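Undergrad: My questions all concern the structure below.
Derivation of every value follows stated rules applied to the coordinates shown; laboratory data play no part. This one's a predicted model, so the numbers in the text were calculated from it and none came from an experiment. Cβ sites come from the backbone with ideal geometry, for glycine too, and all protein chains shown count toward neighbours.
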């Protein structure tokens, strides 16, 4: 029987880049008192030097038009009018008269879309967030804090029904406030919910570096499992900080540790891990439901259907919210044994 990851993974815990302006070059004008050099390097006679407004005067007997004549001035104007704008574009004027290379335009569009994020529902104001979260946004300018809060609130509303859109909302918040731990935490949890495990792991690591929190460890460990690194998941499960976890958080880490053992083909070790957890706790919390379900599922995988049936029944007895399919699993085993 294949493993049900839904009940063996931890539950989810509850500056816009500025583009540099193109530098405007200034053409220097030579000193008016510097003599021009002729072919021999000697100063030419001032009478032969071009006038500022015109060209060099024609010599006697020369039937060609002078360089400073009307024809040359007209040609100069024509050349000036026909040459392209400084940035190579066809827009008039000099403001923003540059154009991003074609091979960069798609990347910029994707970056801009990520920055803008999904459309924000009008009814989402950001006040839906917990005060502990909004308190961390107070260091931002008012309008920026409001926009980040709205994206985070929208992500919280969508994370269960549309985790991918929730993730895009958190990316928009991260683009505006990447140095806030609460934003990186939200991005990591949304990435995890959407199945972007490498991104989730990177974001939660960043959040942990910023605030030193350890409650992300179960999700980080499960990301390692999903990425095919169960040994790394076991290392996190043995972290000293796990000892100080709440009962719920310890249960989450136990689920990940047992799952990692199963990934490595160590069914007996997975059973021992679960047997050391509070399977008989009188609480009807979801964490107890999921521990019992994982134990029943592992028993069946280990070839102990009778014991598995008993624990599927015990799971169903406290699963009032029907977060597992324990009843269906028990019924299937009963048919097999009948």
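Undergrad: Is the shape of the stretch 108-213 rounded, prolate or oblate, going by the alpha carbon gyration tensor and its root eigenvalues a ≥ b ≥ c, with a/c under 1.5 for rounded and a/b larger than b/c for prolate?
TA: rounded
Undergrad: Taking 8 Å as the Cα distance limit and 6 or more residues as the minimum spacing, I'd like the relative contact order of the stretch 177-252 as a percentage.
TA: Relative contact order for the stretch 177-252 comes out at 23 percent.
Undergrad: Then there is this: With each pseudo-label sitting 7 Å past Cα toward Cβ, what's the residue 209-residue 248 distance in nm, one decimal?
TA: Going by the 7 Å Cα→Cβ label model, 2.9 nm.
Undergrad: Sticking with this structure for a sec: How do 224, 313, 169 rank when sorted from fewest to most other Cβ atoms within 10 Å of their own Cβ?
TA: 313, 224, 169
Undergrad: What shape does the stretch 193-289 have by the C-alpha gyration tensor, where a ≥ b ≥ c are the square roots of the eigenvalues, rounded means a/c under 1.5, and otherwise prolate means a/b greater than b/c and oblate the rest?
TA: Since a/c reaches 1.5 but b/c is at least a/b, the shape of the stretch 193-289 is classed as oblate.
Undergrad: Here's a follow-up. Two decimals, Cα atoms only, Kirkwood Rh: what is Rg/Rh over the stretch 164-246?
TA: Rg/Rh for the stretch 164-246 comes to 0.98.
Undergrad: What is the distance, in nm, between label points placed 7 Å from the Cα along the Cα-to-Cβ direction at residue 160 and at residue 143?
TA: Between residue 160 and residue 143, the simple spin-label model gives 3.6 nm.
Undergrad: If you don't mind, there's one more thing I want to ask. Rounded to the nearest 0.05, what FRET efficiency do residue 110 and residue 266 give with R0 = 41 Å and r taken as the Cβ-Cβ distance? Could you check?
TA: Approximately 0.45, to the nearest 0.05.
Undergrad: What is the packing order of peptides 302-308, 229-235, taking the mean over residues of other C-beta atoms within 10 Å and listing the highest first?
TA: Ranked by mean Cβ neighbours within 10 Å, highest first: 229-235, 302-308.
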